[in-house]
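The values are calculated or read from the model by the stated rules, or taken from the named source; none is laboratory data. In this text the structure is predicted, and so the values were computed from the model without any measurement. A quick note on method: Cβ atoms are made from the backbone with ideal geometry, for glycine too, and the neighbour counts reach across all protein chains shown.
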Amino acid sequence: MQFRLDDDQLAMRDAVRAFCADHFPLDDLAAREGKPTDAALWPALAELGVLGLLLDEGEPGSEPGSGLGLVEAAIAFEQLGAHLAGGPVLWSTLAAPFVDRVAEGSVRVAGVAIDGPATGRATGTATGPTTGPTTGSLVVEHGDECDVLLVAYDDRLDVCPRAEVAASVAGTPLDPLTPVAVLPDIPAATVVGDAPEAGRLRLRGEILSAAALVGVAQGALDVARDYALEREQFGVAIGSFQAIKHMLADMYVRVELARAAAYAAAAVATDPRAGDPQRAASAAKLLAGEAGIANGRAAVQVLGGMGFTWDMLPHYFLKRAWVLENQFGTASSHAARLGAAVGSEVAAS
């Protein structure tokens, strides 16, 4: 099967890339550390169409033709990942079909996925009763810059109002561009989605976080390549050294493999007749996570002594890869899921 981006998809990719270059420049990352993303960017993201990419026609808040689809969302999130975009863009995009006014840029949504059912809490329909809080701390990325919090269990989706999230305290982030808030309890919430909808959101989250990781891996490769072409040693660019060539080649292969898996997962999820969506998503998340982390480390190594300092870009890419790798299942959990699927096939054959 051949998979090529059409003209409209290429135009959208270029538009998102240009937007990110203007609003999330990589040459000014230090100024963004520990600071919330400018709220004025949200209407701009909405106008660009990113926040409404997953809206299906007929869903609340959607307009005819407003939602492009998961493949287009994967294309957009690859560019957002490559530019280390800030703010709860991923969860806002995932939440748009369930929370009003997200697609128009009026509401920002932070989120967290909790493995397992909503144990000990009242179940309800998608029209949703309010449920009481459950004991147990909750770490939320971008918790201080959201309007609502979306909690995704295996069997349902809950939305918590901003007043409940305001009780959080600042946590210590893995990525200085991704501030976290810690809630003492899982707050009271309204049920907005049932088990199938929760599964759909989590599948999309796996695919889009994989696409963002592809962008991170590509960004790390770009930084390492540019440095290797500019830095001279013994009168020649270090990119001419065989050891550096091999490192850059390995980085390139990891990016292309992960990109193919992420786009394939988005296509399969859009049309399940092409394969198993869950298996495709797990493969994409596994390969993209490995590519993001390995390329971040390789970029640090290519830049040598400079690469280990916080003034250089590689550590930002590496830390963002750590954050994304822990969203919607780690590499080890997806590897275990794939192994179980293969084992089931062998046992049935």
Could you grab the pairs with beta carbons closer than 7 Å, sequence gap of 6+ or different chains, first residue in region 172-191 and surrounded by fewer than 16 Cβ atoms within 10 Å (Cβ to Cβ), second one among the polar types (S, T, N, Q)?
Val182/Ser137; Val182/Ser168; Pro184/Ser137; Asp185/Thr134; Asp185/Thr135
Failed condition for Leu213, given (1) buried (at least 24 other Cβ atoms within 10 Å of the Cβ); (2) of a type in the set (A, V, I, L, M); (3) more than 27 Å from Ala288 (Cβ to Cβ):
(3)
Helices (runs of 4 or more DSSP H) enclosed by region 248-329 - at least 1 residues per element that are modelled with pLDDT of 95 or more:
277-302, 314-325
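So that you can scan it fast, the table gives a plain yes or no per residue for (1) surrounded by fewer than 24 Cβ atoms within 10 Å (Cβ to Cβ); (2) among the small types (Gly, Ala, Ser); (3) modelled with pLDDT under 90; (4) under 27 Å from Gln9 (Cα atoms):
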site: Gly34; (1), (2), (3), (4): yes, yes, yes, no
site: Asp56; (1), (2), (3), (4): yes, no, yes, yes
site: Gly67; (1), (2), (3), (4): yes, yes, yes, yes
site: Gly87; (1), (2), (3), (4): no, yes, no, yes
site: Val102; (1), (2), (3), (4): no, no, no, yes
site: Ala113; (1), (2), (3), (4): yes, yes, no, no
site: Arg121; (1), (2), (3), (4): yes, no, yes, no
site: Thr127; (1), (2), (3), (4): yes, no, yes, no
site: Thr131; (1), (2), (3), (4): yes, no, yes, no
